[in-house]
Amino acid sequence: MTNNSTKSVALQWGAETAIHVLDDWFDPIEAGLRDRVREFIQAMIEGELEAALSRPRYARRPKEACENADGASGVTGHRHGHRLRSLLGTFGRVEIAVPRARLDATEGRTTEWKSTALRAYQRRTKQADSLIAARS
């Protein structure tokens, strides 16, 4: 039997070796940088929620704030978990855990807390969007 192949043996050997070039590639600096970026973004959003609820995580509201419930200090609510979001930036793609909370509104209703730093359905940073637009 004969082997009818349109690829030459040299091209097949080059493709097989190119596959194995980056198999054990790991850069601890890049991995550490992405972890720090993820931690920084999560801390920034957690701080924003702490300011909205007037208390840190696992803490109760101070009694003075409950008695003087007017203005921004009068916002009450509760946390309820985290939601995973993927964010692409100039630092690469990172998975972040965005906190969720319900804020008490008027007439016994509640509203979902929304971060001002991370917009709804945002998948890329503004800097990444501008880089993509510059390449087009």
Item to complete: Would you check which residues across segment 67-124 are outside any strand (DSSP E or B), among the polar types (S, T, N, Q) and either modelled with pLDDT of 95 or more or over 17 Å from Ala43 (Cα atoms) (or both) and list them?
Response: Asn68, Ser73, Thr76, Thr90, Thr106, Gln122
Discussion item. With the requirement that a residue be β-branched (Val, Ile, Thr) and open to solvent by less than 60 Å² (accessible area, probe 1.4 Å), what does segment 93-109 give you?
Written reply: Val94, Ile96, Val98
Item to complete: Return the total of residues in segment 90-136 being over 23 Å from Leu49 (Cα atoms) and of a type in the set (S, T, N, Q).
Response: 4
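Which residues, counting only those in segment 110-125, are farther than 19 Å from Arg38 by Cβ and either among the aromatic types (Phe, Trp, Tyr) or open to solvent by less than 30 Å² (accessible area, probe 1.4 Å) (or both)? Talk me through it step by step, then tell me what you get.
From segment 110-125, those farther than 19 Å from Arg38 by Cβ are 110-114, 116, 120-121; that's our starting set.
Selection gives Trp113, Tyr121.
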Worksheet entry | Number of the condition not met by Ala43 [criteria: (1) surrounded by fewer than 17 Cβ atoms within 10 Å (Cβ to Cβ); (2) modelled with pLDDT of 90 or more; (3) among the hydrophobic types (A, V, I, L, M, F, W, C); (4) not in a helix (DSSP H, G or I)] | (4)
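Can you tell me which residues in segment 74-87 are open to solvent by less than 50 Å² (accessible area, probe 1.4 Å) and within 27 Å of Lys126 (Cα to Cα)? Break it down stepwise before answering.
From segment 74-87, those open to solvent by less than 50 Å² (accessible area, probe 1.4 Å) are 74-77, 81, 85-87; that's our starting set.
Hits for segment 74-87 are Gly81, Arg85, Ser86, Leu87.
The values are calculated or read from the model by the stated rules, or taken from the named source; none is laboratory data. Being a predicted model, the structure only gives us computed values, none of them experimental. Don't worry about glycine lacking a Cβ; one is built from the backbone with ideal geometry, like all the others, and counts go over all protein chains shown. Side chains are part of the model used for accessible areas, which takes the heavy atoms of the whole protein and leaves out ligands, DNA and RNA. Shrake-Rupley method; radii C 1.70, N 1.55, O 1.52, S 1.80 Å.
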